[in-house]
Amino acid sequence: MRWWDIEPVLELEHELFPDDAWSAGMFWSELAHARGPQATRRYVVAEDGSGRLVGYAGLAAAGDLADVQTIAAARDQWGTGLGARLLTDLLRAATAFECAEVLLEVRVDNARAQKLYERFGFEPIGFRRGYYQPGNIDALVMRLTDPAQARTESSESNG
């Protein structure tokens, strides 16, 4: 993801997450840590054949722990494997950052995303009550140990 992607990312962000969408400032802040030798972030976008932005994802690394910050695919891309490809990219980045574990929060009412994460080997480890605001929706916290191994297994099982 680069600065010129922020506007189309925000459009998709507001479409998919109208109640708790990230602001432009949040994306700018994350991108500030995604370049150079001291980078601790990985942000990617996906475009369709016509150049339309159809997905994005981001990961933050700190020490041996990574956190999936965001992952999204346009509704017309659901079921195409785009989410799995974005997650695979993030897990590769976690491996490159030498992270031993990857954490994420997912809305308790987002069964589609939870199933994707489970396919990659993420396991539930707890809840964050009222994490998603302003709707006061709980987050399920999930953890993946050994992201390099999960990426390999996912790639083999998805062809």
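The values are calculated or read from the model by the stated rules, or taken from the named source; none is laboratory data. Keep in mind the model is a prediction, meaning the values are calculated, not measured. Note that we place each Cβ from the backbone using ideal geometry, even for glycine, and neighbour counts take in every protein chain shown. Quick note on the areas: whole protein, heavy atoms, side chains included, nothing else; ligands and nucleic acids left out. Shrake-Rupley method; radii C 1.70, N 1.55, O 1.52, S 1.80 Å.
Filter the stretch 13-47 down to residues that are within 14 Å of Ala72 (Cα to Cα) and touching a strand residue (DSSP E or B) at 6+ places or on another chain (Cβ under 6 Å) and give me whichever is most open to solvent (accessible area, probe 1.4 Å). This residue is Glu47. Scanning the stretch 69-80 for residues that are surrounded by fewer than 20 Cβ atoms within 10 Å (Cβ to Cβ) and more than 22 Å from Glu123 (Cβ to Cβ) gives Ala74, Arg75, Asp76, Gln77, Trp78, Gly79, Thr80.
Residues of the stretch 109-134 that are among the aromatic types (Phe, Trp, Tyr), farther than 23 Å from Ser23 by Cβ and open to solvent by 100 Å² or more (accessible area, probe 1.4 Å): Phe127 alone.
For the stretch 100-136, a tally of residues being within 24 Å of Gly81 (Cβ to Cβ), in contact with a strand residue (DSSP E or B) (Cβ under 7 Å, 6 or more places away or on another chain) and not in a helix (DSSP H, G or I) returns 12.
Yes/no per residue for (1) of a type in the set (Phe, Trp, Tyr); (2) on the phi < 0 side of the Ramachandran plot; (3) touching a residue at least 60 places away in the same chain (Cβ under 8 Å):
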{"residue": "His14", "(1), (2), (3)": "no, yes, no"}
{"residue": "Asp19", "(1), (2), (3)": "no, yes, yes"}
{"residue": "Gly51", "(1), (2), (3)": "no, no, no"}
{"residue": "Tyr56", "(1), (2), (3)": "yes, yes, no"}
{"residue": "Ile71", "(1), (2), (3)": "no, yes, no"}
{"residue": "Ala93", "(1), (2), (3)": "no, yes, no"}
{"residue": "Phe97", "(1), (2), (3)": "yes, yes, no"}
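Within the option set Ala139, Ala84, Ala66, Ala60, being in contact (Cβ under 8 Å) with a residue 60 or more places away in the chain, open to solvent by less than 80 Å² (accessible area, probe 1.4 Å) and in a strand (DSSP E or B) holds for one residue only, Ala66. Scanning the stretch 44-57 for residues that are over 23 Å from Arg143 (Cα atoms) and either under 11 Å from the mean Cα position of the chain (by Cα) or assigned to a strand (DSSP E or B) (or both) yields a total of 5.
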